[in-house]
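The values are calculated or read from the model by the stated rules, or taken from the named source; none is laboratory data. Predicted model only: the values in this text are computed from it and were never measured. Here the Cβ positions follow ideal geometry from the backbone for every residue, glycine too, while neighbour counts run over all protein chains shown. SASA here: full protein model, heavy atoms, side chains in, ligands and nucleic acids out. Shrake-Rupley method; radii C 1.70, N 1.55, O 1.52, S 1.80 Å.
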Amino acid sequence: MFRLQGSKVLAVDMTGDAVKAKNGSMVAYDGQMAFKKMSGGGEGIRGMVTRRLTGEQMTVMEVKGQGTCWFADRASEINLVNLQGDKLYVESSNLLATDAGLRTGTSFTGLRGASQGNGLFTTTVEGHGQAAIMSHGPAVVLRVSSQYPLTVDPGAYVAHQGNLRQSFQSGVTFRTLMGEGGGEAFQIRFEGDGLVYVQPSERNTIAGDV
């Protein structure tokens, strides 16, 4: 259903089914399509409350019909993720589209969310199907195993999936190690078994010069 045309455009072929995508991200379509604006970043009462309390905002639209839709957002690189009943954790600003059958929600992130200025909750995608996530520059997918934990700069973090535990180290980033950073900052440490998606261009954060 999902396929890439180049690295920055997502094509979705539909035969009466639906897709949920970031509002305003559709660049073209053919065939017969119906559009509906939805609220995102979490479903149900909990999702509504956490969005209001934390500012975790995600405006999405549902596209349903027969034909092909093309999606893109500010020339970001697009990465396809196949979910087989597992859960994907992704920053709302990095989520482009999901199969309509996948469930979206919110999850508490603690210090990582505070360090990035994105609130204390992040978006979750769960079920069987495909999701498309965005990154500034081509994303790198890094494997975490019991023998090889992974430490990530929060400005480079995009998403993760699998059986992973997060912990946070304050007061240091990769730049402060080299004497170039300043202020309070964090690193994210992942342990367990799973995948972490990182981008080569760091987003701005409020937790120091990361």
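Given their separation in residues at 0.36 nm each and the Cα-Cα distance between them, MET1 and ASP193 gain 66.3 nm when the chain is fully extended. In terms of accessible area, using a 1.4 Å probe and ignoring ligands and nucleic acids, TYR29, TYR197, TYR148, TYR89 rank largest first as TYR148, TYR29, TYR89, TYR197. For ASN82 and SER170, the FRET efficiency from 1/(1 + (r/R0)^6), where r spans their Cβ atoms and R0 equals 41 Å, is about 0.75. Our estimate of slack between LYS8 and PHE35, defined as 0.36 nm per intervening residue step minus the Cα-Cα distance, is 7.5 nm. For VAL9, the amide hydrogen comes within under 5 Å of no other amide hydrogen, counting only partners 5 or more places away or on other chains and with H modelled in the peptide plane. Distances between placed amide hydrogens fall under 5 Å for LEU96 paired with ALA132, ILE133, MET134, all partners being 5 or more residues away or on another chain. Counting only heavy atoms of the protein chains and using a 1.4 Å probe, THR124 has close to 10 Å² of accessible surface.
Among VAL141, VAL12, the sequence by solvent-accessible area, most first, with a 1.4 Å probe is VAL141, VAL12. Electrostatic tally near ASP13: other residues with Cβ closer than 11 Å to its Cβ, Lys and Arg +1, Asp and Glu -1, net -1. Using protein chains only and a probe of 1.4 angstrom, how many square angstrom of ASP17 are accessible, to the nearest 10? Accessible surface of ASP17 is approximately 60 Å².
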